[in-house]
Amino acid sequence: MKWLGRVLGYSVIGWVLWRLFGPDIAPDYAGPQVRPIRIPGRTVFVGRKEFFVREAGPADAPVVVLVHGWGFDGEMTYFKLIPLLAEHFRVIIPDLRSHGKSDNIRGKFEIVDAADELAGILDAVGVEGGFTLFGYSMGGLVGQTFVRRYPGRVGHLILGATAAYPIARRRLAVRSAFWVARAVARVSKKESARFSYRFLQRAGLLAPEHGRWMWEALLSREPTLYYESGNAVWRFDGRAWVGRLGVRTLVIIPTLDTVVPTETQYELASLIPDSELLEIDESGHEAILSRPEEFAKAIGGFVESPLP
């Protein structure tokens with residue numbers, strides 16, 4: 001078995017040297033490259049930190065706040081959903097800490113910190129009470145926490161592909177995987193970016209003309225801070241209090257989700273009294289990109305502004 005160890009060792013050394021000294025190779029893009037949507041944004045300050053936020057739709061329309069998940073910023077997560085909602089709503093799309101164009105904030109943090117920062121962002125753009133908050137994946141954790149800490153501000157809460165306790169099984173294995181993946185990403189971000197990029201391509205979720213935009217967005221993630229967000233998700237547990245939020249809630253579950261296991265999503269729905277449930281059949285965690293029309297209709301119907 002010594003030969004196997006040597007082969008692995010030499011392979012690792014070769015990979016590190018290639019990433020340190022080799023060329024910067026990008027995917028082959030098909031045809032002219034454009035952004036999928038062109039919605040300019042602005043930055044606002046919450047304390048000493050600067051956060052980026054986009055807005056779309058009529059300024060006097062009902063407000064929908066879209067809170068993205070882990071690793072994909074607001075534009076990456078919602079670029080297919082935003083145009084569908086913007087015809088009927090004022091859509092607010094913030095980038096959470098260490099995502100997109102918002103400040104990279106170093107150090108350990110909890111989901112409650114992101115919820116407080118979201119409150120500061122909404123204050124800065126003039127969004128007060130009665131709005132709809134849609135949180136997807138990690139954004140759903142932020143949404144639950146926001147409603148708990150700021151009662152009365154949210155009129156409708158929509159939680160998609162999320163849970164009250166998202167990492168319920170194999171917790172030590174998941175945490176160990178985070179550490180290993182972070183170590184790899186500190187040497188090279190290409191591997192995780194290429195995995196996500198290839199998945200989006202093969203699943204038909206990324207048009208050929210949007211390839212450069214997505215690739216560059218994936219490479220912009222800072223490895224240490226990326227996994228700090230993952231660790232915050234790992235520590236989150238809202239089961240003791242999520243049933244007392246006191247706001248009308250819709251839980252949307254992609255029935256084939258393996259990133260946030262569906263049993264934890266159904267548990268979330270069961271913990272919230274009188275919550276409404278919508279299942280996106282035959283769809284995984286990527287449902288926000290593969291089935292945006294169904295999310296748009298669900299959001300519109302839930303806030304009593306049906307979309308065509």
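Rule-based calculations on the coordinates, nothing more; no lab input. Given the structure is predicted, the values throughout are model-derived calculations rather than measurements. Using ideal geometry, Cβ is built from the backbone for each residue, glycine included, and neighbour counts are taken over all protein chains shown.
Figures for the structure shown
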quantity	calculated
Leading residue at positive end of dipole, segment 183-308 (Cβ point charges), from Ala185, Ala203, Ala232	Ala185
Crossing angle, helix 223-235 versus the chain [Cα axis fit, 0-90 degrees, rounded to tens]	50 degrees
Solution diffusion estimate, µm²/s, Stokes-Einstein, the chain, Kirkwood Rh from C-alpha pairs, 37 °C, viscosity 0.692 mPa s	162 µm²/s
Residues Thr224 and Asp274, FRET efficiency given R0 of 35 Å [Cβ-Cβ distance, rounded to 0.05]	0.25
Given charges at Cβ of Lys, Arg, Asp, Glu: the chain dipole, positive-most of Gln144, Ile158, Gly57	Gln144
Dipole axis of segment 71-112 (+1 Lys, Arg; -1 Asp, Glu on Cβ), positive-most option in Gly107, Val91, Gly74	Gly107
In Å, descending, principal axis extents of the Cα set of segment 235-308	38, 29, 18
Potential lengthening between Val34 and Ala181 on full extension [0.36 nm per residue; Cα-Cα distance subtracted]	49.9 nm
Radius 14 Å from Cβ of Ala181, net charge of other residues (Lys, Arg +1; Asp, Glu -1)	+4
Antiparallel bridges, percent of DSSP beta bridges restricted to the chain (to nearest 5)	30 percent
Per-bin percent of Cα-Cα distances, segment 82-152 [5 Å]	3, 14, 26, 27, 19, 9, 2, 1
Length released on extending from Arg170 to Arg202, taking residue separation times 0.36 nm less the Cα-Cα span	8.7 nm
On Cα atoms only, tilt of 111-124 relative to the major axis of the chain in degrees	60 degrees
Charge dipole magnitude, Cβ of K and R +1, D and E -1 - segment 64-180, Cα centre, debye nearest 20	600 debye
Angle in degrees between helix 190-202 and the longest Cα principal axis of the chain, rounded to the nearest 10	60 degrees
Test item: Cα-centred dipole of segment 198-308, Lys/Arg +1 and Asp/Glu -1 on Cβ, debye	300 debye
Loop-exposed GluC sites (Glu not before Pro) per DSSP, neighbour cap 11 Cβ within 10 angstrom, longest uninterrupted part of the chain	129-281
Debye, to nearest 20: dipole size of the chain, +1 on Lys, Arg Cβ, -1 on Asp, Glu Cβ	1440 debye
